[in-house]
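Engineer: One structure, pasted below without further comment.
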Amino acid sequence: MRTVSINMAMTIDGKIATAARGPVALGTPYDRRQMQVIRAEHDAVLNGSTTFKAHPFPLHVKGPALIKKRLREGREPQPLSAIVSSLLELPKNTPWEKAAGAKRWIFSGNKAPLQRVKWWESRGVRVLKGKGARPSPLEILGAFESEGIVDLLLEGGGELNAAFLEADLVDQVYLTIVPKVLGGAEAPTWFEGQGFKLPKRFRLDRCRKVGDELYLRYKKSR
Ligand SMILES: NC(=O)c1ccc[n+]([C@@H]2O[C@H](COP(=O)([O-])OP(=O)(O)OC[C@H]3O[C@@H](n4cnc5c(N)ncnc54)[C@H](OP(=O)(O)O)[C@@H]3O)[C@@H](O)[C@H]2O)c1
């Protein structure tokens, strides 16, 4: 794998959603455009199942200029759109399910019922079963690599990001700080999971202010 990136928008108080974990609009249209620009630099985009339930859309790139740039760089016109879901308990009849034409994968755990696997496969989705109850980050990277996917973008949420951060597999983090607060001890941040015993260092590689938003890129310190 060449790069594993995370891209998230967070409030001034470090939150990415409310405790209900439903959809919440945080960034400006400019931020949403930046999301597309960042997606365009990756071969695949991955979401956790909770994020998918809040936003069940294909993780596509919009606009002919970005698609042309991808083709020039030898990439597919659209990034592969993938989800992690242990038991495939996912909403049906969503725009993601109906986005035929684009490659869609679901990484499941070993207890995912065969009937559900078959149902998703009948919708043109490739289901990759892991060895454990949850698909592991290393299994996920291995499956992507065997498909020639070298640049992976994690678009949250905090639990998915945590699995990759805790396995030390994240190279860079794009963060947009939006001028809002959400608060709430139960509201997620972009890094959930168990966390580290000692802080892990990243270095600030890029910093831009656009209106009231800050666009940051951090790289893993080597
Ligand atoms: N502000 C932003 O930029 C932004 C971006 C993305 C999401 N969000 C928000 O974040 C919230 C969701 O975040 P979240 O942390 O609650 O959940 P999440 O990371 O989206 O999804 C976590 C779920 O994914 C499944 N999963 C399967 N294998 C996994 C693995 N190896 N590691 C981790 N998860 C695995 C598990 O559910 P199963 O038991 O179903 O397998 C797990 O509970 C939503 O409110 C969403 O809107 C905000």
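Engineer: Those residues that are more than 9 Å from the ligand (Cβ to nearest atom) and part of a helix (DSSP H, G or I), I need them from the range 147-165; list them, please.
Structural biologist: Answer for the range 147-165, where residues must be more than 9 Å from the ligand (Cβ to nearest atom) and part of a helix (DSSP H, G or I): just Leu165.
Engineer: Which count do you get for residues in the range 191-213 that are closer than 17 Å to Gln34 by Cα and within 20 Å of the chain's Cα centre (by Cα)?
Structural biologist: Number of matching residues: 0.
Engineer: Under 6 Å between Cβ atoms, which residue pairs at least 6 apart in sequence (or on different chains) link something in the range 99-112 that is closer than 9 Å to Leu88 by Cα with a partner that is among the basic types (Lys, Arg) and part of a loop (DSSP other than H, G, I, E, B)?
Structural biologist: Qualifying pairs under 6 Å: Gly109/Arg134.
Engineer: In addition: Please determine, by comparing only the residues of the range 80-89 that are under 14 Å from Gly48 (Cβ atoms) and either within 8 Å of the ligand (Cβ to nearest atom) or within 13 Å of the chain's Cα centre (by Cα) (or both), which one is surrounded by the most Cβ atoms within 10 Å (Cβ to Cβ).
Structural biologist: Only one residue tops the list, namely Val84.
Engineer: Just a yes or no: is a residue in the range 29-37 assigned to a strand (DSSP E or B) and hydroxyl-bearing (Ser, Thr, Tyr)?
Structural biologist: No, because not a single residue in the range 29-37 is assigned to a strand (DSSP E or B) and hydroxyl-bearing (Ser, Thr, Tyr).
Engineer: So the check is Cβ under 7 Å with 6+ separation or different chains; which pairs have a first residue in the range 129-150 that's without any contact (Cβ under 8 Å) to a residue 60 or more places away in the chain and a second one that's among the β-branched types (Val, Ile, Thr)?
Structural biologist: From the range 129-150, the pairs are Pro135/Val84.
Engineer: Picking from Leu26, Leu46, Leu87, which residue would you name as being hydrophobic (A, V, I, L, M, F, W, C), in contact (Cβ under 8 Å) with a residue 60 or more places away in the chain and part of a loop (DSSP other than H, G, I, E, B)?
Structural biologist: Answer to the check: Leu26.
Yes/no per residue for (1) in a loop (DSSP other than H, G, I, E, B); (2) more than 15 Å from the chain's Cα centre (by Cα); (3) away from the ligand (no atom under 11 Å from the Cβ); (4) at pLDDT below 95:
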residue: Ala102; (1), (2), (3), (4): yes, yes, yes, yes
residue: Trp105; (1), (2), (3), (4): no, no, yes, no
residue: Val117; (1), (2), (3), (4): no, yes, yes, no
residue: Lys131; (1), (2), (3), (4): yes, yes, yes, no
residue: Ile140; (1), (2), (3), (4): no, no, no, no
residue: Glu145; (1), (2), (3), (4): no, yes, yes, no
residue: Asp168; (1), (2), (3), (4): yes, yes, yes, no
residue: Thr189; (1), (2), (3), (4): yes, no, no, no
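The values are calculated or read from the model by the stated rules, or taken from the named source; none is laboratory data. All values derive from a computational prediction rather than experimental measurement. Glycine gets a Cβ as well: all are built from the backbone with ideal geometry, and neighbour counts include every protein chain shown.
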